[in-house]
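To start, the structure under review is shown below, and the notes come after it.
The values are calculated or read from the model by the stated rules, or taken from the named source; none is laboratory data. All figures in this text were calculated on a predicted structure; none of them were measured in a lab. Every residue, glycine among them, receives a Cβ derived from its backbone with ideal geometry; neighbour counts consider all protein chains shown.
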Amino acid sequence: MRIEYDKEADALYIQLREATVDDNIDIEEGVTVDLDEKRHIVGIEILDASKRLSLEDLVNITVQNLPIEKVRTPDFKL
């Protein structure tokens, strides 16, 4: 997963997984969901992000209940 903010375009993109985008659906004005060829969600684009989200929303991310025991790597330590 990757979250990227483009200040110049004022666009926030949340990439859920690496895949080729085959199609997209406009959920509402300025919010688009990207889909792969099997219509699974690849990412979400939010235009005019600074108008839709506060600066606090854009810079503070909370991850809850992440099953880290399932994603351990050799270098990962609790």
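Quick check on segment 27-35. Is at least one of its residues in a strand (DSSP E or B) and farther than 18 Å from ILE3 by Cα?
Yes, segment 27-35 contains a residue that is in a strand (DSSP E or B) and farther than 18 Å from ILE3 by Cα.
Checking LEU53 against (1) surrounded by 12 or more Cβ atoms within 10 Å (Cβ to Cβ); (2) modelled with pLDDT of 95 or more; (3) not β-branched (Val, Ile, Thr), which single condition isn't satisfied?
It is condition (2) that LEU53 fails.
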